[in-house]
Structure formats: structure tokens, C-alpha cells
Amino acid sequence: MGERPVRAAADALAALRAAAATEFGALRSATVGRAAGMAGADGVVAAVDDAADRTLHAVDAEARRLRGLLRDSPPAGRRPPFLAPSGTPAGGPSPVPGLTVEPEVTAGVEYAGRPLTHPVAVDVRFARQGGISDCHLVAALGAVADRAPELLPRATAGDDVVLVDVPGRRYRLRATLPVDGGSGRLAYAHSPDHSTLVPYVEKAFAVYAGGYPVLGEGGLPVEALHWITGRPCWLLRLPRAPDEALTALITSRRPAVACSRPFDDDPADAALAVRYGLSPVGHAYAVCGLDPEGRVLLHNPWGLRHPEPLPLGLFRRLFTRIDWCETDDDD
């Protein structure tokens, strides 16, 4: 099977998963409301959660199979996608009823106790990408923090548990985070002030995604934005977008993530991308607006090497789309 049909099928599955997650979230909310006060209400809600988990797990398994086909047969002239090393599941089944099983980590990483702490300030800089390729999630967190911080996930701590709440779902996590087995430093997403809200949100998303190795295979910012906010999310394809629509979105208060295209087969554009400080491979950036000269401002989720301001025409040339979500102001 050629790459394009397989990739199209994988993208369709990702869209299906996002839609299914939305429907299950709505079903869960309705079930909680109707079952309130009834005997066995918790069991009814748990049954809905179990059905959602099994269904989404099946979709994830098929998506992984399709991505495997792409990895097995990379097109000529292109290197295969980054593969995060696999590791054994850390922690195994939780002995504490109700806690989520620890998501699988990558090789050389282990879990260690870390208390939940909140950042001093929340803005586009508060989330930094770590040792896996989940720029789609970290850029989405930065975009939401920058433009609609009230939509960020909520996290609270209890006895050896951290609760992460996103629209329609609560994740009951052990108070542990993935750390490098040698240095003990946080292995994945983190914050510059060393607070732990970001890595706990990433841990919840890793549960949703099926483990850190799967999360590290990359994904769609539009799905991450929807998981974070629960709001309707869309994508704007740059080649087809009128200038007015593009600039209106870039300058709005809607969280938005721009996706650059891979430059493996285009040395000229690869050199141009590097000249402007872009990653030479496909990458996601939080959209921060326009400068006084009308150039696009972007934030790199790595926390450094931010692109130079990009003229609008060049932005169209080097990027494929902008994923964005509605906010309360759109109601």
C-alpha cells in the first residue's frame, strides 16, 4: 500500500478518535447528571468510562498498525519518522483502586515521586518539550496558556495522587513523574521554573494516547487542543486560506498552533527554513501574532531557538496549516 493512502487512513483515524472522545465525553457528562443520587451511580459511570477506554484503545491499536506500515516502507529520499525507544511498562497495575495504570515510558526512563507544584506564571513559555517528539501537545499547551489560560487543565493533589481534570474526564494519577534513570531529571515536558503542572498534564495525555512511546511518535495539534480545552477545534489549510482569514486568525485570541512541513526533499526550502530559525523537520509552533511589519511571530515549544518573524508569504510557503480552537468569546 502506498504512503498517501496509509497516511490518509491514519489521519482519518485520528479525526475519528477525536470525534469519538468528544462523544464519549458528552455521554459521560449526561450519565453523571442522570445517575446523580441513584444507587450504583458510580458503577454506571465506570461502565461508560470502561467502554470509552476499550473503544479508543482499539482505534489507537489500528492507528499504530498503520503508522507501522509507514515506518516499514519510508518513501525514497526520506528518512523514517523518529522512533522513541520502547521500554517496559513502569509500575504495572496500580495497587490503589481507582488510580490509572502508569503509562509506558521510553528506554532509560523510570518513575519517581514528585509533588504537584503550580507555575509562578502561566504564559506561552510555561511549557517546554522534553525528550520525546510531542511538540503537538506542548505547543498546544503554550498556545492555550498564551491566549486562553482559563481553558488549561486543572490539577489538584491528594494523598499520593494527582487529579488532572480536562473537559469530560478526570485522570487519577500516582504522584510520580518519568525521570532520567541516570540524572533523576524530568525526562519529558517540563517548566522553566521547575513546577510540575506541565509534566502531570503530559502524563494524563500519555494515558489518553496509550503511553509515552506512542505520544513520542507525534500527533495532531488539533486533537491536543480539543483534549485540553474541550472546545470545537478546526484547522486552516494555508495554501487555500485567504489573507484576510489567515491574518484574522493569527491576530485573534484563539489558541493556534502552526505546523511546518518537512523539508527532506526540498534542499532550497530546508536552507530557507534554517535561515529563519525553523526546525528542518516538521514541527509545531504556538502562534503568537503579527509584529508591526505584519510578520508572523511563533514560539518554539523547545523553549529556545524561536523562529525569526516570518513574512506572510514565506509563512505560507514553509507551513502547511494552523490548528486552532474556539474560546468562550466565540459563544
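The values are calculated or read from the model by the stated rules, or taken from the named source; none is laboratory data. Source: prediction; values computed, not measured. Glycine gets a Cβ as well: all are built from the backbone with ideal geometry, and neighbour counts include every protein chain shown.
A few points about this structure:
- All positions within region 210-227 that are in a helix (DSSP H, G or I) and aliphatic (A, V, I, L, M): V214, L215, V222, A224, L225
- Close contacts from region 197-209, counting a first residue that is outside any helix (DSSP H, G or I) and a second that is not aromatic (F, W, Y), with Cβ to Cβ under 7 Å and a gap of 6+ residues or different chains, come to none at all.
- The set of residues from region 126-143 being part of a helix (DSSP H, G or I), touching a Leu at 6+ places or on another chain (Cβ under 8 Å) and among the small types (G, A, S) comprises A140, A143.
- Region 145-173, residues that are in contact with an Asp or Glu (Cβ under 7 Å, 6 or more places away or on another chain) and surrounded by fewer than 20 Cβ atoms within 10 Å (Cβ to Cβ): R154
- Set D165, D146, D123: member being of a type in the set (D, E, K, R) and assigned to a helix (DSSP H, G or I): D146
- Subset of region 265-314 [more than 17 Å from A245 (Cα to Cα), in a helix (DSSP H, G or I) and touching a helix residue (DSSP H, G or I) at 6+ places or on another chain (Cβ under 8 Å)]: D269, L272, A273
- For the criterion of being closer than 28 Å to A19 by Cα, surrounded by fewer than 13 Cβ atoms within 10 Å (Cβ to Cβ) and modelled with pLDDT of 90 or more, A284 fails.
- Members of region 34-52 found to be free of Cβ contacts under 8 Å to residues at least 12 places away in the same chain and surrounded by 14 or more Cβ atoms within 10 Å (Cβ to Cβ), listed by number: A35, A41
- Output for region 242-264, where each listed residue is touching a residue at least 60 places away in the same chain (Cβ under 8 Å), touching a Gly at 6+ places or on another chain (Cβ under 8 Å) and in a loop (DSSP other than H, G, I, E, B): P262, D264
- Selected residue [without any contact (Cβ under 8 Å) to a residue 12 or more places away in the chain and surrounded by fewer than 16 Cβ atoms within 10 Å (Cβ to Cβ)] from P292, P239, P311: P292
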